[in-house]
Every structure is written in C-alpha cells, then in structure tokens.
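Beneath this line is the structure, given in structure tokens, with notes to follow.
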Amino acid sequence: FGAVLDMVLDRISTASLFAILANAYPNIAVIFYFFLGLDLGSHWLQMCSTYMAGDLSHKGDNKDETFIVRMYYKSRFVLTALCACAEFFGCYLYCYAKTETKWLTENTLIQAVFVISAVGFVLKQFINFVQIKTSTHRLLEAENIPNKKAD
C-alpha cells in the first residue's frame, strides 16, 4: 500500500507542477504537457510491465533493466538528486515567471543551482524515455510468452 501511495503522490505533485508551469508559460504550455505525459506514461508502463512480469517492485530489480534506470532506482543519492533537481528547476521557472526576476538573474549561486538543476531535469526526462522503451519491450515479451507456449 505504501509504495502505491508514494507513486500516486509523486505523480500528482509532478502533474501539478507541470500544469502550473503550463499556466505560467502559455506560449510553451504544450512542452510542459508533454513532460507531464512523459512522466505519467513512463511510470504507468513501468508499473504495468512489472506487474505483467510478476516482479515485486519496479525499482530496478529487473536484471534486464538498463544501467541508467537501475542506478536511478538503486542509488538513493542519484534518485534524490535528480528528483530535487527537477523540482528546483520547476520552482525556479515558476518564480521567474511570477516574481520580480532581478534577484533571480543577479544571484550567481541561484544561477549555478539553476544550471545544475536543468541538467538534472534533462537526465530525469531521459530516464523516463528509457523507462518507456524498456517497459514496452517487457510488455511485448510478457504478451508473447503465452503465444509461444501454445505453439
């Protein structure tokens, strides 16, 4: 139950952040909606493929999982760092859109953290793409197993 609750809360908070950013940046809202769909889709496919394969957890326990996804889920530091980067990146974009931006653009430390968080955000989105690819392959394999046995 706790894992499902954690997943649902993570997806709700991420979806909310992307929806807020889409509202703050209407000219590029479609980009934020794309990232929202990418996040929801990758995690949904990951959970479905885990269930279909009979695994207990989606968090990098599959031996066929790519190195980057296994590292993301198995290293608490990597997971925490990339999630924090993605959240800071979104919060910075919101602050930039909604507040007096002078303090954001003149503070070197904030700018450095922004650049680092942007890299973390991109890496997290890349991992979402990899999750979609590997999960899709696992789902296809799971569906083909009964057909092979029937032959």
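The values are calculated or read from the model by the stated rules, or taken from the named source; none is laboratory data. On a predicted model such as this, the values are computed, not experimentally measured, just so you know. Here the Cβ positions follow ideal geometry from the backbone for every residue, glycine too, while neighbour counts run over all protein chains shown. The protein model used for the area step is the full one, side chains on, heavy atoms only, and it has no ligands, DNA or RNA in it. Shrake-Rupley method; radii C 1.70, N 1.55, O 1.52, S 1.80 Å.
At a probe size of 1.4 Å, how large is the accessible area of TYR94, to the nearest 10 Å²?
Roll a 1.4 Å probe over it and TYR94 shows about 90 Å².
Need the full-extension length gain, ILE31 to THR80, defined as separation in residues times 0.36 nm minus the C-alpha distance. One decimal, nm.
Net length gain for the segment: 15.2 nm.
What are the ³J(HN,Hα) values, in whole Hz, obtained from phi via the Karplus relation 6.51 cos²θ - 1.76 cosθ + 1.60 with θ = phi - 60°, for each residue of region 84-92 in sequence order, with x given for Gly and Pro?
5, 4, 4, 5, 5, 4, x, 5, 4
Ignoring ligands, DNA and RNA, how do ILE110, ILE127 rank by accessible area with a 1.4 Å probe, largest first?
ILE110, ILE127
In nanometres, what is the gap between the two model label sites at LYS133 and LEU109, each 7 Å from Cα along Cα-to-Cβ?
Rounded to a tenth, the inter-label distance reads 3.9 nm.
Can you list the GluC sites (Glu not before Pro) in region 87-132 that are in a DSSP coil and have 12 or fewer other beta carbons within 10 angstrom?
Here the GluC sites (Glu not before Pro) that fit, given the DSSP loop and packing criteria, are GLU100.
Tally up the carbon and sulfur contribution to the accessible surface of region 1-144 as a whole percent, 1.4 Å probe, everything protein left in place.
About 70 percent, which is the carbon plus sulfur part of the accessible surface.
Give me the three principal axis extents of region 1-144 from the C-alpha atoms, as integers in angstrom, largest value leading.
Principal extents (largest minus smallest coordinate, Cα): 56, 29, 27 Å.
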